[in-house]
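Some notes on the structure that comes next.
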Amino acid sequence: MPDAVRPNNRLFVALDLPDDLRQALGTRGRALERAHGGRAVPAANLHVTLDFLGRVPPERAEELIEALPGALRWPALRVRLAGAAQRPARGPARLVAAELEALDAGDLPQRVDGLRRLVADAIGREEVDARHWLHVTVLRMGQPTRLAGFEWPGDERVFDISRATLYDSHIAPGRAPRYEPVVRVPLG
């Protein structure tokens, strides 16, 4: 079992973004932070969450680590940066996210559902979150904040996502979380 699976873990499965895209989105997040407050997500932490697991007993995490490569036998995902949105969509925002649009990925929801079901089975969770929103959180608000519009330059960038990772999130007061990879799984 990897050292990263510690008793007080906070695990999640994510799709990893290309480095140049993370840097570009990190720059946009910092610009939003300067304009609207909140806290920009550091570029190194930008990802697409597939499933947040929370605390997983280390013995269950072992099962998950063994099962992930089989669950992620997906082709690489061709994705387009599609704009930005605040959440919730109406009223004060808790976050701003870059939205992604999967190109030629008609069965992506079924693949994500399959992954979430496998993860739920491996860790003994009965319910599966069926929401599908391909996004990258770039700014978190400390308190819900009304955003009076925000600048988000148009971008037709198309890129491939070719790797998923099981991460352990290390939280420390007053600091951005540190995401430690537990296992990386290539797609395709």
**OP:** Only Cα pairs under 8 Å and at least 6 apart count here; give the relative contact order of the chain as a rounded whole percent.
**Re:** 33
Original post:
Can you give the net charge of the other residues whose Cβ lies under 15 Å from the Cβ of Leu46, counting K and R as +1 and D and E as -1?
Top reply: +2
Subject >> Amide H partners (placed H, <5 Å) of Ala82, local residues excluded >> reply: Glu99, Leu100, Glu101
Original post:
Radius of gyration and Dmax for the range 19-171's Cα atoms, expressed in Å?
Top reply: 16.6, 47
Subject >> Computed [θ] at 222 nm, helices only, for the chain once each DSSP H run of length n ≥ 4 contributes -39500 (n - 2.57) >> reply: -8500 deg cm²/dmol
Original post:
Measuring from centroid to centroid over Cα atoms, what is the spacing of the range 157-174 and the range 51-101 in Å?
Top reply: 8
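None of the figures in this text is laboratory data; all of them are computed from the coordinates on show. Keep in mind that this is a model prediction, so the values were computed, not measured. Here the Cβ is made from the backbone with ideal geometry for all residues, glycine too, and neighbour counts use every protein chain on show.
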